[in-house]
Amino acid sequence: MLGMDVSGKEVSVRAGKVLPFEAGGNSKVKINLGRWGNYKLLTGNKVGVSIWKDLANKIVTSKPKCIMLVGANDTGKSTLTTYMSNIATANGLKVGIVDGDVGQGDLAPPGCIGASKIQKQFLDLRDIDAEHYRFIGAPSPRRVEDLVISSMKDIVDNLSASSDICIINTDGYIDEHGIDYKIELAETLKP
């Protein structure tokens, strides 16, 4: 699951979070659902984290210094960030994660950018304690794009010095000027 073996372990998934679990071989899974919990059983090779295995292998072998994930809201950027971090960590790479989604509040409170060096594998970005913060003061980068870009640049520069790979998880702002903002962010950070 997310590049991490959870065999024989109990895993709790927080409300509102979706996590992919992949069972191999003769597996047994016990599911206890909370009041609003649900699950879907999917089969095939086009679901779960297995669709990212080639990408993960490429990252581990080519060791890019910086990766930036871009996509609309709720498209799996945080899940992919977690998966890539876990695979890189399992392969002995020092990983830094920048949470540039000022509205989500995973590594930092909403309205802030958070970042941290990763010490071990994890299942949820909210399980990581941020070491670096930048206050943005808005729950969206809209109209504060320059502040977000300069803040992320400072954090990435700081984190990259002590990491083999820096994974940048961006927000889902892609409408209106969002694409232009993401292009400017990429040109500044040079992932």
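Numbers for the structure displayed
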{"item": "Rounded tilt (10° steps) of 77-90 against the dominant C-alpha axis of the chain", "result": "70"}
{"item": "Integer Hz, Karplus 6.51/-1.76/1.60 couplings in order for region 125-130, x for Gly and Pro", "result": "4, 5, 7, 9, 8, 6"}
{"item": "Estimated FRET transfer efficiency when R0 is 35 angstrom, pair Asp180-Ile51 (beta carbons, to 0.05)", "result": "0.75"}
{"item": "Computed accessible area, Arg14, all protein chains, 1.4 angstrom probe, square angstrom", "result": "70"}
{"item": "Burial order of peptide ranges 4-12, 164-172 (average beta-carbon count within 10 Å, highest first)", "result": "164-172, 4-12"}
{"item": "Distant-in-sequence amide H partners of Ile168 (H built 1.01 Å from N, under 5 Å)", "result": "Ile67, Met68, Leu69, Val98"}
{"item": "Heavy-atom surface of the chain, accessible at 1.4 Å and reported per residue (Å²)", "result": "59"}
{"item": "Cβ charges +1 (Lys, Arg) and -1 (Asp, Glu), total dipole of the chain, debye", "result": "780"}
{"item": "Cα pair distances exceeding 21 angstrom across region 36-107, given as percent", "result": "35"}
{"item": "Amide H within-cut-off set for Gly103, under 5 Å, with H built and near neighbours excluded", "result": "Gly111"}
{"item": "Within straight-line cross-link reach of Lys65, lysines at Cα separation under 20 Å, skipping those fewer than 8 residues along the same chain", "result": "Lys53, Lys77, Lys94, Lys117, Lys120, Lys153, Lys182, Lys190"}
{"item": "For Ala115, residues with placed amide H under 5 Å, excluding near neighbours", "result": "Asp99, Glu131, His132"}
{"item": "Rg/Rg_ref, region 2-81, where Rg_ref = 2.2 N^0.38 Å and atoms are Cα", "result": "1.27"}
{"item": "Protein-only accessible surface order, largest first, of Ser151, Ser162 at 1.4 Å", "result": "Ser162, Ser151"}
{"item": "Protein-only accessible surface order, largest first, of Phe122, Phe21 at 1.4 Å", "result": "Phe21, Phe122"}
{"item": "Near-label residues of region 110-142 by backbone N, under 17 Å of a point 7 Å along Cα→Cβ of Asn73", "result": "110-112, 138-142"}
{"item": "Lysines with Cα under 16 Å of Lys30, excluding same-chain neighbours fewer than 8 positions away", "result": "Lys9, Lys40"}
{"item": "Computed [θ] at 222 nm, helices only, for the chain once each DSSP H run of length n ≥ 4 contributes -39500 (n - 2.57)", "result": "-8500 deg cm²/dmol"}
{"item": "Accessible surface ranking that places the most exposed of Thr89, Thr43 first, with a 1.4 angstrom probe", "result": "Thr43, Thr89"}
{"item": "Rounded to whole Hz, the Karplus (6.51, -1.76, 1.60) HN-Hα couplings of region 114-122, x for glycine and proline", "result": "x, 8, 7, 7, 9, 9, 7, 5, 8"}
{"item": "Region 53-85 versus region 110-189: alpha-carbon centroid distance in Å", "result": "14"}
{"item": "Sparse-neighbourhood loop sites, GluC sites (Glu not before Pro) in region 95-178 - DSSP loop, at most 13 other Cβ within 10 angstrom", "result": "Glu176"}
{"item": "Percent carbon-and-sulfur accessible area, the chain, ignoring ligands, DNA and RNA, probe 1.4 Å", "result": "50"}
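The values are calculated or read from the model by the stated rules, or taken from the named source; none is laboratory data. Predicted, not measured: the structure shown is a model, and the values here were computed from it. Neighbour counts run over all protein chains shown; Cβ positions are idealised from the backbone, glycine included. With ligands, DNA and RNA removed, areas are computed over all heavy atoms of the protein, side chains included. Shrake-Rupley method; radii C 1.70, N 1.55, O 1.52, S 1.80 Å.
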